[in-house]
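Asks: Have a look at this one before I ask anything.
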Amino acid sequence: MKRHQLAYIKEWMNRATRKPLIIRGARQVGKTTLVRLACEEMGVELIELNMEDPQDFSALLSQNDPHKVFQAILFGQKKYNLDPEKQLFFFDEAQACPELIPFLRYCYERAPEYRVILTGSLLEFVLQADNYSFPVGRVEFLYLGPMTFEEFLSGTGNEGAVEQLQKVSVENPFNEAIHNIFLKHLRNYLIIGGMPDVINSYRETQSYLEAERTKQGIITTYQADFHKYSRNADIPLLNNILATIPAQLGNKVMYSKLAPGIKSEKVKRVLELLELAKIIQRCYHSHGNGLPLASQQKSNHFKLIFLDVGLVQSMLGISLAEIETTPEINEIAKGAMAEQFVGQHLMVDKPMFEAPAIHYWEKQEKHSTAEVDFLMPWHQSVLPVEVKSGHKGHMKSLQQFLQEKNSDKAMRFSSGPLLLKQYQYTNQPPYCFLNIPHYLIGQWGRLAESFTEYNFN
């Protein structure tokens, strides 16, 4: 199954000189498979080392001579011809050999002609450590998450469906029959999720049971990693909070709800560890007065986005029947599934070399709270985004945001049809409102151009 990041890696491989590439992402999102596939398609010899295998590179790496290191690696694999044009050196599970991180500086400075990629399931714990000198400016990053909805469609034999998603427009939306077909595809994604092994399992067996078995195996693997996070990691607390998080998605995090009776500092540390492992992502509150959103965020006010909506479904214990029979996906698990789906896609909707990030807006008043689910950068401005069911429902919070920020554009993801409309309420200026079906999440940027192109007259 091909990923969008594949083209990026192939372009990186084709450069005359390049910085070493670090691929970042949670365990089981397909980092290793991606590198292998890129080499296969490019006809490049893959020199792969799993750094968790018993071996000591410390003395070799301390020489700071990439040529000697690469030659020694080849000899260890009974290969003797060093050829940077035809080879790629891939260090997998690199967290097991932290000395590799400072070594990358010399790869860039002394041997830029060589292709070098590092990855690892818990590499983030090494990257944030202060006992190794990080080669700032001498490496580049690529971020990899679960497969998107469109990648899922392609991976399950629905490439033609993806082509249709890329063609649909506000002027020519899908008819009701096609709309309903894509809603079925969407529900399938909510069940299976975007983890590559789970999708492979389902594609090969056409069995939700086998997909579920694979998901449970991934969750168990994450739990088995807890002891690797830190020497002082509180394993029982990690397990308890991991199990609690799915039920709290969509809500502002309160430490007391995640772990009643536990000191907030302990809960905070557990969340930090889970975030380093890329299992969760914080969605921070931002005032939304302009860009960048991160410059206005409140670090102590945040919601959580889980790694994958399919894993959320399993951890919540939501039955297949419930997903299949619930009329609107925003009604499943009180909206957690819909907001999770949209959030996990929007937070990676940026250049692949930029870290995932996402924000929301909230205003608390004496007797009420206004909240906009997400804020997205768009054309040097801030675009408020709501996640709702159907094509109806109140938009009081959205309207309040627009009024306070003197904005005239808003977007909503729902189960309703693709629609661009102009609204005007009493004593308020008009605004443009774009409703996008959840399944068009990958096309939102293109469709949002309708704001500037569509004639309301």
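The values are calculated or read from the model by the stated rules, or taken from the named source; none is laboratory data. Here the structure is a predicted model, which means the values were calculated and not measured. Every residue, glycine as well, gets a Cβ built from its backbone with ideal geometry; the counts of neighbours run over all protein chains shown.
Asks: Would you point out which residue out of V69, V35 is touching a Phe, Trp or Tyr at 6+ places or on another chain (Cβ under 8 Å), assigned to a helix (DSSP H, G or I) and modelled with pLDDT of 95 or more?
Replies: Checking each option against the conditions leaves just V35.
Asks: If you don't mind, another one. Would a scan of the stretch 248-271 turn up a residue that is touching a helix residue (DSSP H, G or I) at 6+ places or on another chain (Cβ under 6 Å) and aromatic (F, W, Y)?
Replies: Within the stretch 248-271 (the criterion being touching a helix residue (DSSP H, G or I) at 6+ places or on another chain (Cβ under 6 Å) and aromatic (F, W, Y)), the answer is yes, since at least one residue qualifies.
Asks: Any chance the stretch 389-409 includes a residue that's under 21 Å from T148 (Cα atoms) and at pLDDT 85 or above?
Replies: no
Asks: Residues in the stretch 180-192 that are polar (S, T, N, Q) and more than 24 Å from the chain's Cα centre (by Cα): how many?
Replies: Final tally of qualifying residues: 1.
Asks: Could you check the stretch 9-23 and list, in sequence order, the residues that are in a helix (DSSP H, G or I) and within 22 Å of L100 (Cβ to Cβ)?
Replies: I9, W12, M13
Asks: Test each condition in (1) touching a Phe, Trp or Tyr at 6+ places or on another chain (Cβ under 9 Å); (2) assigned to a strand (DSSP E or B) for P102 and report the one that comes out false.
Replies: Looking at each condition in turn, P102 falls short on (2).
Asks: Quick check on K366: is it surrounded by fewer than 21 Cβ atoms within 10 Å (Cβ to Cβ), over 25 Å from the mean Cα position of the chain (by Cα) and not aliphatic (A, V, I, L, M)?
Replies: Taking the combined requirement at face value, the residue satisfies it.
Asks: Give me the pairs, please: first residue somewhere in the stretch 173-197 and assigned by TED's automatic domain parsing to the domain that holds V309 and among the hydrophobic types (A, V, I, L, M, F, W, C), second residue anywhere and surrounded by fewer than 17 Cβ atoms within 10 Å (Cβ to Cβ) and not in a helix (DSSP H, G or I), beta-carbon distance under 9 Å, and either six or more positions apart or on two chains.
Replies: As it stands, the answer is F174/P417, since those pairs meet every condition given.
Asks: I'd like to verify a number: residues in the stretch 109-125 that are crowded, with 20+ Cβ neighbours inside 10 Å and either over 22 Å from T32 (Cα atoms) or under 27 Å from the mean Cα position of the chain (by Cα) (or both), how many?
Replies: Of the residues in the stretch 109-125, 8 are crowded, with 20+ Cβ neighbours inside 10 Å and either over 22 Å from T32 (Cα atoms) or under 27 Å from the mean Cα position of the chain (by Cα) (or both).
Asks: Follow-up question, since we're still on this one. Six or more apart or on different chains, Cβ atoms under 6 Å: show the pairs whose first residue is in the stretch 287-306 and at positive phi and whose second is β-branched (V, I, T).
Replies: Correct list of pairs: G288/V382.
Asks: Could I ask something else about it? Can you tell me which of L346, L304, L320 is buried (at least 22 other Cβ atoms within 10 Å of the Cβ) and out of contact with any Leu (no Cβ under 8 Å at 6 or more places or on another chain)?
Replies: On inspection, the qualifying residue turns out to be L346.
Asks: Considering only residues that are in contact (Cβ under 8 Å) with a residue 40 or more places away in the chain, among the hydrophobic types (A, V, I, L, M, F, W, C) and assigned to a helix (DSSP H, G or I), which ones fall in the stretch 243-275?
Replies: If the condition is that a residue be in contact (Cβ under 8 Å) with a residue 40 or more places away in the chain, among the hydrophobic types (A, V, I, L, M, F, W, C) and assigned to a helix (DSSP H, G or I), then A243, I245, A247, L273 are the ones that fit.
Asks: How many residues are over 21 Å from V126 (Cβ atoms) and within 25 Å of the chain's Cα centre (by Cα) when one looks only at the stretch 258-275?
Replies: Of the residues in that region, 3 qualify.
Asks: Still on this model: Report the residue count in the stretch 136-179 for those that are in a helix (DSSP H, G or I), within 24 Å of the chain's Cα centre (by Cα) and among the acidic types (D, E).
Replies: 4
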